[in-house]
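Here's the structure we're looking at; comments come further down.
The values are calculated or read from the model by the stated rules, or taken from the named source; none is laboratory data. On a predicted model such as this, the values are computed, not experimentally measured, just so you know. Because the Cβ atoms are built from the backbone with ideal geometry, glycine has one as well, and the counts that use them run over all protein chains shown. Each accessible area value is taken on the protein alone, full model and side chains, heavy atoms only, with ligands, DNA and RNA left out. Shrake-Rupley method; radii C 1.70, N 1.55, O 1.52, S 1.80 Å.
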Amino acid sequence: MAKIIYVLNGPNLNLLGKREPEIYGSQTLDDVQALCETTAGRDGLQVVFRQSNAEHELIGWIHEARETASGIVINPAAYTHTSVAILDALSACTFPVIEVHISNIHKRESFRHHSYVSARADAVIAGCGVEGYRLAMLHMASRLS
Ligand code: DQA
């Protein structure tokens, strides 16, 4: 049976392609989903791809992944910088966790420089645009092989 990877996306990422394209680019979240599925599929991994603007929903999906998945790739968006609850949920998982940011959060406003999630992430990718998701899927596959 194929290993399952949850790819979770936080608030406002549903607006990808329309929102601040000079920072986040012109590709949509549907494009990102296709990129993840194609990349993971080549390594025999199955993707569960989700986005929510609600913290509790993301936490519920992390709990779900804990029971059913082999890894999580997460772009927590603004919750990166605020959410101890998402950190705690990820800390309850024993599989690889990869944090992705489309932009380089360290080159931006100082409030974006700290990530709660990085305290649990096994790898962090930032500043590669949506290509970062592809890199995360490749790295996930190599960690699980
Ligand atoms: C982001 C960076 C966050 O600071 C921001 O709040 C986002 C997107 C990124 O992918 O670059 O919504 O996670």
FRET efficiency, 1/(1 + (r/R0)^6) with R0 25 Å, evaluated for T38 and M1 via beta carbons: 0.80
Accessible area (Å², per residue) of segment 3-144, counting only protein heavy atoms and a probe of 1.4 Å: 45 Å²
Per-pair calculated FRET efficiency, R0 = 22 Å: S118 and L138 via Cβ, rounded to 0.05: 0.65
Carbon + sulfur, % of accessible area of the chain - ligands and nucleic acids excluded, 1.4 Å: 50 percent
K107-E22 pseudo-label distance in nm [points 7 Å out on the Cα-to-Cβ vector]: 1.4 nm
Whole-number D in µm²/s for the chain (Stokes-Einstein; Kirkwood sum over Cα pairs; 20 °C, 1.002 mPa s): 144 µm²/s
Quarter of Cα convex hull surface for segment 10-83, i.e. mean projection, nm²: 5.3 nm²
Distance between modelled label sites at V48 and L29, nm, 7 Å Cα→Cβ extension: 1.7 nm
